[in-house]
Amino acid sequence: MIVPLNHILLLSGLLFSLGMFCTLARRNLIMMLLGIEIMLNAAAVAFVGASLHWQQMEGQAIVIFILAVAATEVSIGLAAILVVYRRTDSVDPAMEAALWEKGGRP
Amino acid sequence: MSILTLLFYAIALLIVAATAMAVTRRNMVHAVLYLVLSFFGTAMLFYLLGAPFLAALEIIIYAGAIMVLFLFLIMMIRLKKLPGMFFPVGQLLPAIFICAGFLAVSSVLVGGNPEGWTPMPAAQASPAAFGVYLFQTHWLAVEIASMLLLVALVGAYVLGRRVRGPSADTRKEAP
Amino acid sequence: MQPATPLPLSLIVTAAALLLPLLAFGVIMLATRSRHRLSAAISIGAAGLSLIAAVYLLVQHWQMQAPLVFQTVWLVSGQMAIPIGILLDPLSLLMLTVVATISFLVQVYSLGYMAGDPGFGRYYGCMSLFAWAMLTLTVSSSLLQLYIFWELVGLASYLLIGFWFDKFSASEAGKKAFVMTRTGDVAFLLGLVLLWLQLGTLDIPVLTDPAAVAAALSPGMITLTALLIFGGIIGKSAQFPLLTWLPDAMEGPTPVSALLHSATMVAAGVYLFSRLFGYFSLSPTAMAVCLAIGTISMLLASSMAMVARDIKQVWAFSTISQLGFMLMGLGSGSLFAGVFHLTTHAGFKALLFLCAGVLIHRFHTNDMFEIGRLGGRRLKATVVCMIVGAAALSGLPPFSGFFSKEMILGQLLASGHPTAFLAALLGAFLTTYYAFRLIFILLFPLETDDAGHADGHGAHHGAWGERAMIAVLVCLAGVTVVLGFFEMSLHDFLARGLALDEAAPAHFTWLPMVAGTLAVAAVLQAWFEFGRKKARQIGWVERIPILADLFGQRWYLDRLYRYLLDTLVYRGVSRLFTANDRRVIDGALDGLGRSTIGLGRVVDWVHGGMIQYRLMIMVAAVILLILFIGWGG
């Protein structure tokens, strides 16, 4: 006997809110991306727990796809951040916005 | 309380602590390293919950590939220190408020489910069985995921290319 | 509702008659307004088809025993369902035919009258709008639908009175007409709301069923709602005390005056009364008020007409007085008398207006003395038609007005209203007097300078349009001569379908003689004062300065309204409203503006392109959504 499902879900929720905090509060594009990774990971934890609870492999299959999406998102996201950095010399989301505000392409 | 239960709580504590450290680090290299630790913990958790194949993938892809990608980027760009506070108050407070709200709502919703409170028996899905299952029932989704990865590859290449030549001139002429 | 059963042919024909003018209005206003001939062709074509449809319906249902009702639900809101539909009974069929006929003829007439006007296309668009609204009004099956088209007719009237809107007096007259009719319509609307609350339905068949209404409503409530609805009738039909808008409405083109402000639109009030005759007759008070208002309006308007110099004004006052006459007939308890007079009046008054239009078109003045001096009598066909119309208006024997007037007089006497009967005789005398005063002034001007001048002047107007105008006049004159002899068959037609319990109209053998004698006496007096040689063309009224002043100033009604407006509205209510406007409304608006700016700043801060704030809002929204689903589902 391991733990009840709810404990796993609570752990997942905790991880998710940590990731959300990272995304919302850190003024750094790279850290925002990192926060998104944490949130995806939290979802994966919840899926694996649910897979165990219902004795079905569906949940584990979903985790495979989560991994694929995470890899995609990171590669595109990091490339985009690189572009932003080349243009603005900064990875601050506010700085990017301010430069866009000033008109045209920074 | 079995040994597995104890193990779960220990791993959960490790994951949460490592993630919390990662989120709050000022130095991004440290943050990534803490996150790698967190992902190792997650991999152990997957193993514990009966998904050894996923545990291996978690280490290979998340802790290995993705985090190393982050490290590359962090090494590549040289960051100046941002002026002002590390966490601006106008952003920190709403973020904390929203995260706490989310936590409260999800806890209440999860706790309201009575059948989730019975402990689960341990079980294991062998990698071979999982692979057969995946390719028998979800082969189309796997194909789509592979397409997605191809698109990501091309997209990352296009974005990362340095723009040279005539396009730089057109940019100058643009208003 | 009823797609399973095949649609009755009558419904299709009626719908076609109603919708064609609307279609014409849409096409003209959207597409062909700048192409004058095409617009006129479209509008006249639609009116002609409507006329054919209306005549077909009339013939088809000539033997009808019970009303036909086609109804479908238009809007449903909770317990309330608002029906929309078509009610075909003898009354609405008769009115439909009258409206379609007059509007077709007037549109043809307008080809000549309005030729060369820069707003030709717009004119025909508005005419089509009016035709649509008026036709639909006549066949409405519920009071709410009737009210909607009642207001649409008012809108068309406003647009057409102010048709030459670059003339200040015209736009003012349009506004005056709109506001004064609206005053009555407020009462009408209140009556409708009250009726709806009490009865839960506004269907005309239900309302005109005396037993059902008497069971559902107390007598006091019936009287109250009937009087409120009567307020709308007063406004629309220009009865006392809301009568002064109609003379001013003569600022519009003459065909408009003929169609809207004499034959059809102002008659809509009388039509509504006859439509709800069963309802009104439940309340003796309302009937008495109707009779009184009709009498007062008739006398007032006739007195005003005696001193007017403007040819259109004379007919406008005469319209008010004849409408009052109809209301007297209805108020004394005879549906048929009122409706018959409505029908004949539509014919001869349109004729009179159109004749006046020919003269005005030719001589470019409204003053009857001036027209007489310039040689109005040379237009022989017009003058003959006008004499026919005036004779009908006066109730001289073979013409249609004679029959209908005599019936109202007989009805007044039979129902035991001797005072009203005497007033009606006096009114008939005055009517004949002013009608023939106008005729004699035109025929026997004091001095003339018409040495071939008029004919040369009119030549360049295009013979084709002139001929159309004359043809219409002859048509209407023919109708006026003939219509009176259809009295009995019309009575049978109405009685069959409406289940009238009134006996055949009362006949007093001496009455036609008295009325005829009186009319002849009035003609003689008019001839004595205006027609004979050496007549000084000054009426007896003008010899008494006080009366002339009183009548000429329209009994000072406009002054009284102006005074009331100044003292009550401007000094009293308006000051309060101004204060309210400055402090409360302006304050609120300023506050609204300021808070909008403040809110805008907040939103600007959020939307500053700062991606994390957007994310926060998104996440918060998702959390709220989870909450909603978690608790609601």
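The values are calculated or read from the model by the stated rules, or taken from the named source; none is laboratory data. Because the structure is predicted, anything quoted here is derived from the model rather than measured. Cβ placement follows ideal geometry from the backbone for every residue including glycine, while neighbour counts extend to all protein chains displayed. These area figures cover heavy atoms from the full protein model, side chains too; ligands, DNA and RNA do not enter into them. Shrake-Rupley method; radii C 1.70, N 1.55, O 1.52, S 1.80 Å.
Any idea which residue in the range B:64-106 is modelled with the highest pLDDT, counting only those that are surrounded by fewer than 16 Cβ atoms within 10 Å (Cβ to Cβ) and not hydrophobic (A, V, I, L, M, F, W, C)?
Step by step, filter the range B:64-106, then rank; the result is B:G64.
Report the residue count in the range B:120-131 for those that are more than 10 Å from chain A (Cβ to nearest Cβ) and free of Cβ contacts under 8 Å to residues at least 24 places away in the same chain.
Residues flagged as more than 10 Å from chain A (Cβ to nearest Cβ) and free of Cβ contacts under 8 Å to residues at least 24 places away in the same chain within the range B:120-131 amount to 1.
Would you mind stating whether C:P241 is part of a loop (DSSP other than H, G, I, E, B) and over 30 Å from C:V206 (Cβ atoms)? Even if it seems obvious, please write down each step before you answer.
Working: part of a loop (DSSP other than H, G, I, E, B): yes; over 30 Å from C:V206 (Cβ atoms): yes.
Taking the combined requirement at face value, the residue satisfies it.
Run down B:A100, B:A129, B:A122, B:A95 and say which single residue is over 21 Å from B:T19 (Cβ atoms), assigned to a helix (DSSP H, G or I) and more than 15 Å from the chain's Cα centre (by Cα).
Numbers: B:A100 fails: over 21 Å from B:T19 (Cβ atoms); B:A122 fails: assigned to a helix (DSSP H, G or I); B:A95 fails: over 21 Å from B:T19 (Cβ atoms).
Residue meeting the stated conditions: B:A129.
Having 3 or more residues that are under 30 Å from C:A214 (Cβ atoms) and either charged (D, E, K, R) or open to solvent by 10 Å² or more (accessible area, probe 1.4 Å) (or both) is the bar; report the helices (runs of 4 or more DSSP H) wholly within the range C:105-201 that clear it. Give the steps one after another, and end with the answer.
Values: elements: C:120-138, C:143-161, C:168-199.
Fully inside the range C:105-201 and qualifying: C:143-161, C:168-199.
How about the range B:42-54: which of its residues are in a helix (DSSP H, G or I) and either more than 12 Å from the chain's Cα centre (by Cα) or more than 10 Å from chain A (Cβ to nearest Cβ) (or both)? Can you show your working first?
So the first thing to find is which residues in the range B:42-54 are in a helix (DSSP H, G or I), and the list is B:42-48, B:52-54.
Of everything in the range B:42-54, those that are in a helix (DSSP H, G or I) and either more than 12 Å from the chain's Cα centre (by Cα) or more than 10 Å from chain A (Cβ to nearest Cβ) (or both) turn out to be B:A43, B:M44, B:L45, B:F46, B:Y47, B:L48, B:P52, B:F53, B:L54.
Any residue that is open to solvent by less than 70 Å² (accessible area, probe 1.4 Å), modelled with pLDDT under 75 and under 30 Å from B:A100 (Cβ atoms) - is there at least one of those in the range C:573-594?
Checked the range C:573-594: no residue is open to solvent by less than 70 Å² (accessible area, probe 1.4 Å), modelled with pLDDT under 75 and under 30 Å from B:A100 (Cβ atoms).
Test each condition in (1) open to solvent by 30 Å² or more (accessible area, probe 1.4 Å); (2) over 17 Å from B:Y34 (Cβ atoms); (3) more than 7 Å from every other protein chain (Cβ to nearest Cβ) for A:I36 and report the one that comes out false.
(2)
Could you check how many residues of the range C:70-121 are among the acidic types (D, E) and in contact with a Phe, Trp or Tyr (Cβ under 6 Å, 6 or more places away or on another chain)? Please lay out each step first, then the result.
Step one: of the range C:70-121, the residues among the acidic types (D, E) are C:89, C:117.
Keeping just the survivors that are in contact with a Phe, Trp or Tyr (Cβ under 6 Å, 6 or more places away or on another chain) gives none.
Matching residues across the range C:70-121 total 0.
Listed residues A:T72, A:T88; which is at the interface with chain B (Cβ under 8 Å from one of its Cβ atoms) and in contact with a helix residue (DSSP H, G or I) (Cβ under 9 Å, 6 or more places away or on another chain)?
Values: A:T88 fails: at the interface with chain B (Cβ under 8 Å from one of its Cβ atoms).
Going through A:T72, A:T88 in turn, just one is at the interface with chain B (Cβ under 8 Å from one of its Cβ atoms) and in contact with a helix residue (DSSP H, G or I) (Cβ under 9 Å, 6 or more places away or on another chain): A:T72.
Just checking, which of A:A94, A:A50, A:A43 is more than 7 Å from chain B (Cβ to nearest Cβ), surrounded by fewer than 20 Cβ atoms within 10 Å (Cβ to Cβ) and in contact (Cβ under 8 Å) with a residue 40 or more places away in the chain? Before the answer, list the steps.
Numbers: A:A50 fails: surrounded by fewer than 20 Cβ atoms within 10 Å (Cβ to Cβ); A:A43 fails: in contact (Cβ under 8 Å) with a residue 40 or more places away in the chain.
Among A:A94, A:A50, A:A43, only A:A94 is more than 7 Å from chain B (Cβ to nearest Cβ), surrounded by fewer than 20 Cβ atoms within 10 Å (Cβ to Cβ) and in contact (Cβ under 8 Å) with a residue 40 or more places away in the chain.
Kindly evaluate B:L57 against the criterion of being closer than 24 Å to A:L29 by Cα and either facing another protein chain (nearest Cβ under 7 Å) or not hydrophobic (A, V, I, L, M, F, W, C) (or both).
Working: closer than 24 Å to A:L29 by Cα: no; either facing another protein chain (nearest Cβ under 7 Å) or not hydrophobic (A, V, I, L, M, F, W, C) (or both): yes.
Against the criterion (closer than 24 Å to A:L29 by Cα and either facing another protein chain (nearest Cβ under 7 Å) or not hydrophobic (A, V, I, L, M, F, W, C) (or both)), B:L57 does not qualify.
Among the numbered criteria (1) in contact with a Ser or Thr (Cβ under 8 Å, 6 or more places away or on another chain); (2) over 22 Å from B:F130 (Cβ atoms); (3) open to solvent by 20 Å² or more (accessible area, probe 1.4 Å), which single criterion is violated by A:E73?
Unmet for A:E73, out of (1) in contact with a Ser or Thr (Cβ under 8 Å, 6 or more places away or on another chain); (2) over 22 Å from B:F130 (Cβ atoms); (3) open to solvent by 20 Å² or more (accessible area, probe 1.4 Å): (1).
Taking the conditions exactly as written (modelled with pLDDT of 90 or more and within 10 Å of chain A (Cβ to nearest Cβ)), does B:V110 satisfy them or not?
Details: modelled with pLDDT of 90 or more: no; within 10 Å of chain A (Cβ to nearest Cβ): yes.
Spelling it out, it is not the case that B:V110 is modelled with pLDDT of 90 or more and within 10 Å of chain A (Cβ to nearest Cβ).
Sort out which residues of the range C:414-449 are touching a Leu at 6+ places or on another chain (Cβ under 7 Å) and farther than 25 Å from C:L524 by Cβ, and write them in order of number.
C:H417, C:A420
Hey, any hits in the range C:223-237 for a residue that's touching a residue at least 12 places away in the same chain (Cβ under 8 Å), of a type in the set (V, I, T) and surrounded by fewer than 22 Cβ atoms within 10 Å (Cβ to Cβ)?
Within the range C:223-237, the first condition is being touching a residue at least 12 places away in the same chain (Cβ under 8 Å), and the residues that meet it are C:223-237.
Within this subset, residues satisfying the condition of being of a type in the set (V, I, T) are C:223, C:225, C:229, C:233-234.
Pick out the ones that are also surrounded by fewer than 22 Cβ atoms within 10 Å (Cβ to Cβ) and you get C:223.
Within the range C:223-237, one or more residues are touching a residue at least 12 places away in the same chain (Cβ under 8 Å), of a type in the set (V, I, T) and surrounded by fewer than 22 Cβ atoms within 10 Å (Cβ to Cβ).
Given C:A463, C:A477, C:A423, which one is in the same structural domain as C:V339 (by TED's automatic domain parsing) and modelled with pLDDT under 85? Walk me through it before giving the result.
Working: C:A477 fails: modelled with pLDDT under 85; C:A423 fails: modelled with pLDDT under 85.
Going through C:A463, C:A477, C:A423 in turn, just one is in the same structural domain as C:V339 (by TED's automatic domain parsing) and modelled with pLDDT under 85: C:A463.
For C:A268, indicate whether it is in contact (Cβ under 8 Å) with a residue 12 or more places away in the chain and over 10 Å from the mean Cα position of the chain (by Cα).
Numbers: in contact (Cβ under 8 Å) with a residue 12 or more places away in the chain: yes; over 10 Å from the mean Cα position of the chain (by Cα): no.
Spelling it out, it is not the case that C:A268 is in contact (Cβ under 8 Å) with a residue 12 or more places away in the chain and over 10 Å from the mean Cα position of the chain (by Cα).
So which of C:A66, C:A53 is closer than 19 Å to C:P90 by Cβ and modelled with pLDDT under 85?
Details: C:A53 fails: modelled with pLDDT under 85.
None of the other options fit; the residue is C:A66.
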